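The values are calculated or read from the model by the stated rules, or taken from the named source; none is laboratory data. Please read these numbers as outputs of a predicted model, since none were measured by experiment. With ideal geometry, Cβ positions are generated from the backbone for all residues, glycine too; neighbour counts draw on all protein chains shown. For accessibility, only protein heavy atoms count, side chains too; no ligands or nucleic acids. Shrake-Rupley method; radii C 1.70, N 1.55, O 1.52, S 1.80 Å.
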Amino acid sequence: MAISRVLTWDVAASTGYETAWVEVGDGGLTARGRAVGTVPEPYWVSYELDTADGFVTRRLYVTVESAGGTRTLDLRHDGAGRWTANGDRLPDVDGALDCDLGSCPLTNTMPVLRHELHQAPGEREFLMALVSVPELDVLPSPQTYTHLGQGKIRFVSGDFRSDIEFDEDGFVVDYPEIGTRLGRSGG
């Protein structure tokens, strides 16, 4: 069954807001989003996200506008574990299945849905292609997701740890220190 949602978060990490228009169905997700932030500097972000079967990132296209100008990133996964950024190979993130757009609660959804961690016990370790915002640098990010109970997942990356609340569809409701969804029912 396909799900269409419009989700908005108050993003504490950037002192801003994000809205994403999301379609989920047949093991895949597509989204487009817009965000505004003021930390570490005022910026606007626009992104388009497309995943393949199993919620594996296929492409993330991001544009950032700030006082420093406009930057774009075309991040692509070839389906065989290799990544490129604007056509250049990124061997440091080889093997990653997911992107993680900085201060974007939506990108936590893919690994959660793939492994149903919001509904079923388990712990999974991932390598993510982390995209910093507003710089748009792509870095390897080892992350661990642990099911704590229905809709609750512990996220750990390096020294950072947070217990995230997800709704029944696998979308972030509350991510302490990062963002809280407005109008929690989604819709």
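Quick look at the numbers
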| read-out | value |
| --- | --- |
| Residues that are of a type in the set (S, T, N, Q) and out of contact with any Asp or Glu (no Cβ under 6 Å at 6 or more places or on another chain), drawn from region 142-161 | 143, 150, 157 |
| Where a residue in region 94-118 is farther than 21 Å from residue 177 by Cα and open to solvent by less than 10 Å² (accessible area, probe 1.4 Å) and its partner, wherever it lies, is part of a loop (DSSP other than H, G, I, E, B) and not charged (D, E, K, R), with Cβ under 6 Å and at least six apart | none |
| Qualifying positions in region 102-118 - touching a strand residue (DSSP E or B) at 6+ places or on another chain (Cβ under 8 Å) and not in a helix (DSSP H, G or I) | 102, 103, 104, 117, 118 |
| Considering residues of region 1-53 that are in contact (Cβ under 8 Å) with a residue 40 or more places away in the chain and in a loop (DSSP other than H, G, I, E, B) only, the residue least open to solvent (accessible area, probe 1.4 Å) | 14 |
| Test: residue in region 162-182 that is basic (Lys, Arg) and open to solvent by 50 Å² or more (accessible area, probe 1.4 Å) | no |
| Matching residues in region 62-82 - criterion: being open to solvent by less than 80 Å² (accessible area, probe 1.4 Å), under 13 Å from residue 129 (Cα atoms), free of Cβ contacts under 8 Å to residues at least 60 places away in the same chain and in a strand (DSSP E or B) | 74, 77 |
| Check on residue 139, surrounded by fewer than 16 Cβ atoms within 10 Å (Cβ to Cβ), touching a residue at least 40 places away in the same chain (Cβ under 8 Å), in contact with a helix residue (DSSP H, G or I) (Cβ under 9 Å, 6 or more places away or on another chain) and at negative phi | yes |
| Residue in region 36-68 that is nearest to residue 98 (Cα to Cα), counting only those that are within 13 Å of the chain's Cα centre (by Cα) and among the aliphatic types (A, V, I, L, M) | 56 |
| Members of region 142-187 that are without any contact (Cβ under 8 Å) to a residue 60 or more places away in the chain and hydrophobic (A, V, I, L, M, F, W, C) | 148, 153, 155, 156, 160, 164, 166, 173 |
| Flag if residue 122 is within 26 Å of residue 3 (Cα to Cα) and at pLDDT below 95 | no |
| Positions within region 43-59 being under 18 Å from residue 113 (Cα atoms), in contact with a Lys or Arg (Cβ under 8 Å, 6 or more places away or on another chain) and not charged (D, E, K, R), in sequence order | 49, 51, 52, 54, 55, 56 |
| Subset of region 119-136 (residues that are surrounded by fewer than 19 Cβ atoms within 10 Å (Cβ to Cβ) and among the hydrophobic types (A, V, I, L, M, F, W, C)) | 120, 127 |
| Unmet requirement for residue 122, which otherwise passes all of (1) touching a helix residue (DSSP H, G or I) at 6+ places or on another chain (Cβ under 7 Å); (2) on the phi < 0 side of the Ramachandran plot | (2) |
